[in-house]
1. Does segment 60-78 hold any residues that are out of contact with any Ser or Thr (no Cβ under 7 Å at 6 or more places or on another chain) and under 17 Å from residue 89 (Cβ atoms), and which are they?
2. From the list 386, 430, 360, which residue is outside any helix (DSSP H, G or I) and charged (D, E, K, R)?
3. Quick one: in segment 319-341, which of the residues that are touching a Cys at 6+ places or on another chain (Cβ under 9 Å) and within 20 Å of residue 392 (Cβ to Cβ) is most open to solvent (accessible area, probe 1.4 Å)?
4. Within segment 180-193, work out how many residues are buried (at least 24 other Cβ atoms within 10 Å of the Cβ) and hydroxyl-bearing (Ser, Thr, Tyr).
5. Name the one entry in 323, 347, 367 that is within 20 Å of residue 303 (Cα to Cα), within 35 Å of the chain's Cα centre (by Cα) and modelled with pLDDT under 95.
6. Exactly one condition in (1) more than 20 Å from residue 32 (Cα to Cα); (2) open to solvent by less than 40 Å² (accessible area, probe 1.4 Å); (3) of a type in the set (Gly, Ala, Ser) is not met by residue 65; state its number.
7. Among the residues of segment 381-418, write down those that are farther than 15 Å from residue 436 by Cα, out of contact with any Leu (no Cβ under 7 Å at 6 or more places or on another chain) and open to solvent by less than 90 Å² (accessible area, probe 1.4 Å).
8. Looking at segment 210-222 only, could you name the residues that are open to solvent by 20 Å² or more (accessible area, probe 1.4 Å) and either among the aliphatic types (A, V, I, L, M) or within 13 Å of residue 190 (Cβ to Cβ) (or both)?
Amino acid sequence: MDYLSNINWNKVTPCLVLLVLEIFLEFSECATQAEVNKHLELGRDFLARGQLSDALTHYHAAVEGDPSNYLTYFKRGTVYYALGKAKFALQDFTKVLELKPDFTTARLHRANVYLKLAKYWDAKEDYLQVTYSDPYNTEAAAQFHRMDELAEELRLAEAYYRGGDFRAAADLASRLLELSPWAAPLRQLRAESYVALNDLFSAVSDIRSVNRLQQDSTDGYYRLATLLYQLGHVSDSLKEIRECLKLDPEHKKCFPFYKKVKKVDKLLLDCEQYSESRDFTRCIENANKVLKIEEEVTLVVFEAKKWLCSCYAKEELYTEAVGACGAALALQRDARVLCDRADALLGLDMFDDAIQSFKEALELEEGLQRAKDGLSRAQKLQKQSEQRDYYKILGVKRTASKQEIIKAYRKAAQKWHPDNFHGDDKKVAEKKFIDIAAAKEVLTDAEKRAQFDAGTDPLDPEAQRGAPFHSPFHHFQHGSPFQFKFHFN
């Protein structure tokens, strides 16, 4: 005890602290290594089952736990490679070679990443280094000799584009992309070539790929949005321009374009909703508003004129409909617009033109049922036009209600009642009155009206093919049907 009391604790205490800290660090290192090994084991298991994202999560943890282990970086790099994440795969393989420059497999993997990115000179250098380390590596040797050829083809594709030979540029870029699918600049070159060739659908596909490869590209989203808008895909354009604004809310190009597209999209959606709810006047108003906002982009203008065509026809403004449909068809031949035009022509009793319009619609879309039904109806109406038209006799629309028909009948019957006429005029009035009564009989009977609308006159004995025919005055049993008087209130 005396010995302990004589110890200078001020000198001993720091030594004890260092000893305890060293023991703690050694224990902590062992625990961390155990965790790293556990993550590597789980990563390997997920990888074997093809669950790449889960494997990547554990390899992330393993790298953080042991940032100096080149094998851990290599394993994570191979998962990145399998997922097509070229940027991160390249970083990991480069880190491996910094830690272990003679790791040939990692260098071969990096060369393959460079190849897929169309970085042919970098790939050539890595393939060369692999052949130095492993002279019998046939893959590296074969790829090494191809790099000069690929680099020359890339230079040639760029030269074609600059020279305005866009078809040659697109074709050569397509061949290169079979080997270098992760090359964003190469896809961009092909996309711009397609734009110059007016193949906007192909351009959109490539721009989408560029955006996935580059990520966080405001220019890419703006380009994609403008292409979709040119194609008339306004809603899709709005989605892409919003992605641009997520990255930069005040982007000098995206923000004003967003305001315009949002307004156009809202108006076109309203046209659709008003048409479905049969508010055709509002549909027409909104379509005209679109035309005031957009005058240049052909397919957006077409969308607006298409709604004008459809809603004018359904509102029975047939003359306006024919004009709007013609304006839409001048921009793009469309089977449904042709059907709307045909319906408007039928409303104007232009049967030959309507039949031709339905036929043209079927040439564009052979199985379009609306065109088939419309053609059959137009042909029947054409045949029917040579006979009595009960709607015209009463002066009502084809959409007239039963009450409107009865009202029109009473007015016409009062006007043309034979008792109001004498001499030769009485004979004319009798014929008119018979037609008026026949029109009432057909149009106030749901079944007969349906037959007439389908193109068959239910009072025509020949049309009924032997069916019993009843005169519209069959209920009069004796004498002339005009031996009575109507009493109108």
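The values are calculated or read from the model by the stated rules, or taken from the named source; none is laboratory data. What you are looking at is a predicted structure, and each value in this text was computed from that prediction instead of being measured. Every residue, glycine as well, gets a Cβ built from its backbone with ideal geometry; the counts of neighbours run over all protein chains shown. Keep in mind that these areas ignore ligands, DNA and RNA; they rest on the heavy atoms of the full protein, side chains included. Shrake-Rupley method; radii C 1.70, N 1.55, O 1.52, S 1.80 Å.
1. From segment 60-78, those out of contact with any Ser or Thr (no Cβ under 7 Å at 6 or more places or on another chain) are 60-61, 64, 67-78; that's our starting set.
Residues satisfying the conditions are 60, 70, 71, 72, 73, 74, 75, 76, 77, 78.
2. Working: 430 fails: outside any helix (DSSP H, G or I); 360 fails: outside any helix (DSSP H, G or I).
Of 386, 430, 360, the one residue that is outside any helix (DSSP H, G or I) and charged (D, E, K, R) is 386.
3. Going through the qualifying residues, I end up with 322.
4. 1
5. Values: 347 fails: within 20 Å of residue 303 (Cα to Cα); 367 fails: within 20 Å of residue 303 (Cα to Cα).
Among 323, 347, 367, only 323 is within 20 Å of residue 303 (Cα to Cα), within 35 Å of the chain's Cα centre (by Cα) and modelled with pLDDT under 95.
6. Here residue 65 clears every test but (1).
7. 382, 384, 385, 400, 401
8. Hit for segment 210-222 is 213, nothing else.
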